[in-house]
Amino acid sequence: MKTEQIKKENIKKILVVKLRGIGDVICSTIVIDNLREDFPTAQIDYLVEKPSSFGLIGLKQINNVLIFDKKSLLRRIKLALKIRKEKYDLVFDFFGNPSSAQITFFSNAKFRIGFPFRGRKYAYNYFGPSERAKWHNAILHLKVLEKFGFSTHHKNLLFALDNEAKIFAEEYFKNTFDENDFVVGISTTGSWQSKKCDPEIFADIAENVINKYSAKILIIWGKGDEEDSKKLFDLLKGKSILAPETSIQQMAGLISKCKFIIANDSGPMHISTAIGTPVLSIHGPTAPQLQGPFGEKHEWINLPDLDCIVCNLLVCPKQHECFRNLPIENILIKIDSLIKKNFLLKNE
């Protein structure tokens with residue numbers, strides 16, 4: 001590993017690499033304002049997979065958003081050649097899988113920063129922290145910047161909500177709810193089956209929120225969530241609204257109009273934090289201290305005494321006790337805290 005200091009004045013082009021999930025990419029956006037402060041005139045580009053690009057396109061701090069297509073070898077080769085041709089001075093690989101490591105190495109950037117994973121070290125000449133489970137996912141990115149003397153005082157997560165999505169959400173709420181309705185969103189989305197709270201539990205939560213706060217429930221869902229969302233809607237027997245099928249941007253627009261949302265550890269949870277809508281996240285197999293909603297205005301809950309909590313298994317081998325055994329009164333305490341600290345009720 002090189003020890004040469006990275007001089008800011010020599011950096012003209014920067015590439016940030018962050019593949020896979022929307023939530024992971026949103027957590028990585030904490031670096032953007034900090035990099036823009038340190039490199040006000042530099043070209044700052046981002047490499048992500050297509051679903052995550054919809055929250056980055058439109059951010060004024062970024063020059064270009066590049067798309068990684070994991071399904072097409074030809075497109076990946078063309079992408080690698082394009083990146084090498086750009087002659088980036090500094091590349092951050094915040095993902096660190098074989099593909100992102102190969103792209104970082106092939107970029108031929110003078111400064112290539114990544115994590116010291118086995119089998120990936122060849123790709124980098126500077127390394128971020130070797131310990132990753134010490135900090136929240138967002139903070140981990142700042143620890144990388146901190147190690148190289150870059151700014152870290154900006155703590156914003158970013159998501160570019162476009163005007164069309166704002167108009168869509170405005171019109172939908174205008175046509176669906178009354179102006180003073182207390183609309184609470186429930187997102188059934190979860191990238192792993194084991195991360196998804198059971199519809200019966202969500203229904204119990206919703207019934208209590210309706211009764212206690214006279215809330216209107218909006219069920220927000222994405223591709224692959226149709227079955228759980230429809231089941232939740234049926235369980236609530238006319239006491240909820242099932243949102244239409246939406247794009248990621250339109251979903252974000254709907255989230256932005258809710259008083260708060262209740263969600264699994266998921267992309268919508270992180271979108272909510274980035275656009276400023278308070279969120280209560282419910283966790284089972286994942287660690288909320290590491291992957292939970294980032295920021296003081298949010299809340300999270302899990303069942304810490306369960307012997308298999310934070311198992312990180314994609315499929316639950318038991319009976320989903322992490323969700324099914326979570327006391328409803330504990331969830332309601334968290335919701336009450338969320339409402340009070342964000343002054344969501346007029347008499348608060």
Scan (1) in contact (Cβ under 8 Å) with a residue 60 or more places away in the chain; (2) in a helix (DSSP H, G or I); (3) surrounded by fewer than 15 Cβ atoms within 10 Å (Cβ to Cβ) for the single condition Tyr122 breaks and write down its number.
-> (1)
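Restricting to the range 251-266, what's the tally of residues that are touching a residue at least 60 places away in the same chain (Cβ under 8 Å) and either in the same structural domain as Asp33 (by TED's automatic domain parsing) or within 15 Å of Ser229 (Cβ to Cβ) (or both)? Show your work before the answer.
Of the residues in the range 251-266, the ones touching a residue at least 60 places away in the same chain (Cβ under 8 Å) are 252-266.
If we keep only those that are either in the same structural domain as Asp33 (by TED's automatic domain parsing) or within 15 Å of Ser229 (Cβ to Cβ) (or both) as well, we get 254-255, 261-264, 266.
Here the count works out to 7.
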Members of the range 72-116 that are in contact with an Asp or Glu (Cβ under 6 Å, 6 or more places away or on another chain) and assigned to a strand (DSSP E or B) = Gly114
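A quick yes/no check of all residues on (1) in contact with a strand residue (DSSP E or B) (Cβ under 7 Å, 6 or more places away or on another chain); (2) in a helix (DSSP H, G or I):
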| residue | (1), (2) |
| --- | --- |
| His270 | no, yes |
| Ala274 | no, yes |
| Gly284 | no, no |
| Pro293 | yes, no |
| Lys297 | no, no |
| Trp300 | yes, no |
Quick check: is even one residue across the range 69-80 in the same structural domain as Tyr126 (by TED's automatic domain parsing), charged (D, E, K, R), free of Cβ contacts under 8 Å to residues at least 12 places away in the same chain and within 23 Å of Lys223 (Cβ to Cβ)?
-> yes
Pairs returned, first residue in the range 218-245 that is over 23 Å from Asp178 (Cα atoms), second residue that is among the small types (Gly, Ala, Ser), beta-carbon separation under 7 angstrom, 6 or more apart or interchain, are Leu235/Ala203
Mind listing whichever residues of the range 273-314 are within 13 Å of Lys334 (Cα to Cα), among the hydrophobic types (A, V, I, L, M, F, W, C) and crowded, with 22+ Cβ neighbours inside 10 Å?
-> Val279, Leu280, Ile282
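Return yes when Ala123 is at pLDDT 95 or above, touching a strand residue (DSSP E or B) at 6+ places or on another chain (Cβ under 7 Å) and over 25 Å from Thr286 (Cβ atoms) and no when it is not. Before you say what the answer is, go through the steps one by one.
On the way: at pLDDT 95 or above: yes; touching a strand residue (DSSP E or B) at 6+ places or on another chain (Cβ under 7 Å): yes; over 25 Å from Thr286 (Cβ atoms): yes.
Taking the combined requirement at face value, the residue satisfies it.
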Scan the range 98-110 and report the pairs whose first residue is free of Cβ contacts under 8 Å to residues at least 40 places away in the same chain and within 12 Å of Arg84 (Cβ to Cβ) and whose second residue is part of a helix (DSSP H, G or I) and of a type outside the set (A, V, I, L, M), with Cβ atoms within less than 6 Å and a gap of 6+ or a chain change.
-> Phe106/Arg84; Asn108/Arg84
Any idea how many residues of the range 56-65 are buried (at least 16 other Cβ atoms within 10 Å of the Cβ) and without any contact (Cβ under 8 Å) to a residue 40 or more places away in the chain?
-> 2
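Can you name every residue in the range 1-27 that is touching a strand residue (DSSP E or B) at 6+ places or on another chain (Cβ under 8 Å), modelled with pLDDT of 95 or more, of a type outside the set (D, E, K, R) and more than 20 Å from Gln102 (Cα to Cα)?
To start, the set of residues in the range 1-27 that are touching a strand residue (DSSP E or B) at 6+ places or on another chain (Cβ under 8 Å) comprises 1-2, 6, 11-20, 25.
Next cut, modelled with pLDDT of 95 or more only: 11-18, 25.
Among the residues that remain, those that are also of a type outside the set (D, E, K, R) are: 11, 14-17, 25.
If the condition is that a residue be touching a strand residue (DSSP E or B) at 6+ places or on another chain (Cβ under 8 Å), modelled with pLDDT of 95 or more, of a type outside the set (D, E, K, R) and more than 20 Å from Gln102 (Cα to Cα), then Ile11 is the only one that fits.
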Consider only pairs whose beta carbons are under 9 Å apart and that are at least six residues apart or on different chains; among these, list those whose first residue lies in the range 306-334 and is within 15 Å of Asp265 (Cβ to Cβ) and whose second residue is surrounded by fewer than 12 Cβ atoms within 10 Å (Cβ to Cβ).
-> Val310/Pro304; Cys311/Pro317
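The values are calculated or read from the model by the stated rules, or taken from the named source; none is laboratory data. Remember, predicted model here, so these are calculated numbers, not experimental data. Using ideal geometry, Cβ is built from the backbone for each residue, glycine included, and neighbour counts are taken over all protein chains shown.
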